[in-house]
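All remarks here apply to the structure that follows.
Taken together, the values in this text are just the output of simple stated rules run on the coordinates, not laboratory data. Since the model is a prediction, treat every value here as computed from it, not as a measurement. Positions of Cβ are backbone-derived with ideal geometry, glycine not excepted, and every protein chain shown enters the neighbour counts.
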Amino acid sequence: MYSLVTMGYHIGGLVTHFMEARRNDFAEMALHHLVSLFLFSGYYLCNKWHPGCSVAYLHDIADIGISLSKGLGETRYGDAAAAVFVTNMFIWFWTRMIVLPFDVIYKVGLVYPDEPYTIVKPAFMWLLGCMTMLHYYWMYIFTKILTNYKKTGDGEDL
């Protein structure tokens, strides 16, 4: 059930993404929504609930801090937003840059038994690899935002 809710979230995110004003990360976010949608749809259709729920759970942990720091950043509590942002960078690093590639992708690629259809495992591995590369790119952007905040005191999204 959790994967169905996640699929609905990403369908909604993809639809609204194309309706909103284009920001600097338009292409990256569109790719993220598409990869997530294909990934969770594939997990659902192939009855692979464990990796699908693991990926969704790992993403939800860091999303709480992202939303909180965005919300606090729009108020007069900019220092609290910066503290939440820094804390969230550690959570992001652990969940999306360590656990996802070295636990979930490892298990999908090597531990789980072979699929009866030869395209399933390579497709999942490619989608998870795309998602991981996006996470590494965003961590780089977060580091630039934090460096800019330290230098200028301005924590604007790059």
Dipole magnitude of the chain, debye to nearest 20 (Cβ charges: Lys/Arg +1, Asp/Glu -1, about Cα centre): 140 debye
Extended-chain gain in nm, criterion 0.36 nm per residue less alpha-carbon gap, residue 70 and residue 126: 17.1 nm
Spatially close lysines, pair count over the range 48-152: Cα under 18 Å, gap of eight or more or interchain: 5
Under the Karplus curve 6.51 cos²θ - 1.76 cosθ + 1.60, θ = phi - 60°, whole-Hz ³J(HN,Hα) for the range 98-109, x wherever Gly or Pro sits: 10, 5, 4, x, 9, 10, 5, 5, 4, 5, 5, x
Sorted largest first, extent of the chain alpha carbons per principal axis (Å): 55, 33, 25
Per-pair calculated FRET efficiency, R0 = 30 Å: residue 118 and residue 90 via Cβ, rounded to 0.05: 0.15
Nitroxide proxy distance, nm - points 7 Å out along Cα→Cβ at residue 41 and residue 110: 3.1 nm
Between helix 49-73 and the chain: long-axis angle, C-alpha atoms, 0 to 90°, nearest 10: 10 degrees
